[in-house]
1. Segment 32-77: percent of C-alpha pairs farther apart than 14 Å?
2. Nearest 10 degrees, 0 to 90: what angle lies between the long axis of helix 191-200 and the longest principal axis of the chain (Cα atoms)?
3. Would you kindly compute the Cα radius of gyration of segment 108-153 and its largest Cα-Cα separation (Dmax), both in Å?
4. Can you spot the lysines whose alpha carbon is less than 25 Å from Lys326's alpha carbon? Ignore those fewer than 8 places along the same chain.
5. At 222 nm, what helix-only mean residue ellipticity would the chain give, in deg cm²/dmol to the nearest 500, using -39500 (n - 2.57) for each DSSP H run of four or more?
6. Which whole-number percent gives the relative contact order of segment 11-136, counting Cα pairs below 8 Å spaced six or more residues apart?
7. Find, to one decimal place in angstroms, the Kirkwood hydrodynamic radius of the chain, where the mean of 1/r is taken over every pair of different Cα atoms and then inverted.
8. Using Cα pairs closer than 8 Å and at least 6 residues apart in sequence, work out the relative contact order for the chain, in percent.
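Any read-out appearing in this document is the output of simple, stated calculations on the displayed coordinates, not a laboratory observation. What you are looking at is a predicted structure, and each value in this text was computed from that prediction instead of being measured. Here the Cβ positions follow ideal geometry from the backbone for every residue, glycine too, while neighbour counts run over all protein chains shown.
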Amino acid sequence: MRFLITGGAGFIGSHLTAHLLRTGNEVLALDDLSTGTQRNLASATEEPGLQIIEGSVRDSELVNQCASEVDGIFHLAAAVGTFTISQKTLESLQTNIHGTEVVVEAACRHQRPVLVASTSEVYGRNTKIGLTEDDDLILGSPLHSRWSYAEAKALDETLAYVHAAEHGLGAVIVRLFNTVGPGQNGRYGMVIPRFVAQALAGEPLTVFGSGQQIRCFCHVLDVVPALVSLLRDTGAYGQVFNVGSSEQVTIDELARRVIAITGSSSDITHVPYAEVFGPGYQDTLRRVPDCGKARAQVGFSPTRTLDQIIESVVAHQRAAPQPVLKSGG
Ligand code: UDP
């Protein structure tokens, strides 16, 4: 089969591209190369069946052309990372709202199934342990740019859902919970590649806030097959699924584990949110999914532990070192 992956040169997109090519499919990778890179696709270009198109998901003509040439669409293109969102809020909103509108409308026009990548961020300040898909989204004030990513993604979900309900679009929505792994870039804020780069360089690991905030990190190689199964499963259409791990860790503990695994002599420092993001920043204190719905639908069951995830990022960065990035860029 032939698939369009928007954001195909991004972190998740490039792993998905490699997976689809390896399993005998063809891929049209559409990417504006703003945060994605050609290098992410370096190994995939050795496989037959890959076409890379540099362009924007906001370009309706281009997206429609691509949609007409494929059997299904993975819509992963988005402005991502807390640094990106806080520094380029308007541009991020435009990409994340208008880009999705273009992709969903093209999928609808050409009657192609589409998977829309959403985020655990949409649960906002709902700190329930074991969030399920019908739990409330508790977002902060729209005047806090911090929530703009979640607001845009929540609107994306509604767009996809309404096209499914009103026009029979085969749309499946996936809320990703902190997907991590080799190749993720710390430049845009993601904590694991940042901590690993800091530890390998012997620099202090910068924990933002108290360090008591909790996340569950899921390896991208556990996530990618679930995305494929969900898009292939017509029974999943018109529905939303959490996809992530339920192994909880505080960011303090994460920093300690990165230091232990790398054998680094780095210290851990705590940086107030205001120093990184400006005044009034609101972090999400806990984000723990219940992925029972994806398990029941497509057998999703992540197997890689947090230590294995950290080890895979360490191995990757030892081979391809990342610069130690200052807070905010
Ligand atoms: N974080 C941190 N130090 C960093 C980068 C991030 O302490 O250098 C924290 C961040 O404030 C959040 C957690 O790590 O509480 C996860 O951040 P990330 O950006 O990876 O994902 P998020 O869950 O915020 O989307």
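1. Distances greater than 14 Å cover 58 percent of the Cα pairs.
2. Once rounded, the angle reads 50 degrees.
3. Using the Cα atoms of segment 108-153, the pair Rg, Dmax is 13.5, 40 Å.
4. Lys88
5. Values: 11 runs with 129 residues, N = 329.
For the chain, the value works out to -12000 deg cm²/dmol.
6. 23
7. That comes to 19.8 Å for the chain.
8. Relative contact order here is 18 percent.
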